[in-house]
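Data first, discussion second: the structure below is written as structure tokens.
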């Protein structure tokens, strides 16, 4: 996982990485199929000030849309 220096100093970047990792760990059960998934997360300059609950809910929304598209189209190449 990589977070740009534009996000902040090393302490801030590591905090963002820890929050991303924890959110993804908690969201791993959404899929249920066990299918591996590559995800790119880009931390913006406001990310360090975001509460964990905001990060979690944003990621959850994106993943739910992705998995809904997978169910609808039946392919990993779904939009």
Among residues of region 25-35 being surrounded by 12 or more Cβ atoms within 10 Å (Cβ to Cβ) and part of a helix (DSSP H, G or I), the residue modelled with the highest pLDDT is 26
If you check every pair at least six apart or on different chains, which have Cβ atoms under 9 Å apart with a residue in region 29-54 that is within 15 Å of residue 6 (Cβ to Cβ) first and a residue that is modelled with pLDDT of 90 or more and loosely packed, with under 10 Cβ neighbours inside 10 Å second? 43/6; 44/6; 45/6
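Tell me, yes or no, whether region 3-24 has at least one residue that is in contact with a helix residue (DSSP H, G or I) (Cβ under 6 Å, 6 or more places away or on another chain), assigned to a loop (DSSP other than H, G, I, E, B) and at pLDDT below 90. If you could, list the steps in order and put the result at the bottom.
In the first step, residues of region 3-24 are kept if they are in contact with a helix residue (DSSP H, G or I) (Cβ under 6 Å, 6 or more places away or on another chain); the result is 3, 7-8, 12-13, 16, 19, 23.
Checking which are assigned to a loop (DSSP other than H, G, I, E, B) leaves us with 3, 8.
Checking the rest, the ones that are also at pLDDT below 90 come to none.
No, region 3-24 contains no residue that is in contact with a helix residue (DSSP H, G or I) (Cβ under 6 Å, 6 or more places away or on another chain), assigned to a loop (DSSP other than H, G, I, E, B) and at pLDDT below 90.
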I need the full set of residues from region 36-57 which are at pLDDT 90 or above, under 16 Å from residue 18 (Cβ atoms) and either assigned to a helix (DSSP H, G or I) or touching a helix residue (DSSP H, G or I) at 6+ places or on another chain (Cβ under 6 Å) (or both), in order please. 43, 47, 48, 49, 52, 53, 54, 55, 56
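The values are calculated or read from the model by the stated rules, or taken from the named source; none is laboratory data. Every value quoted in this text rests on a predicted model; they were computed, and no experiment measured them. Cβ: placed from backbone, ideal geometry, glycine included. Neighbour counts: every protein chain shown.
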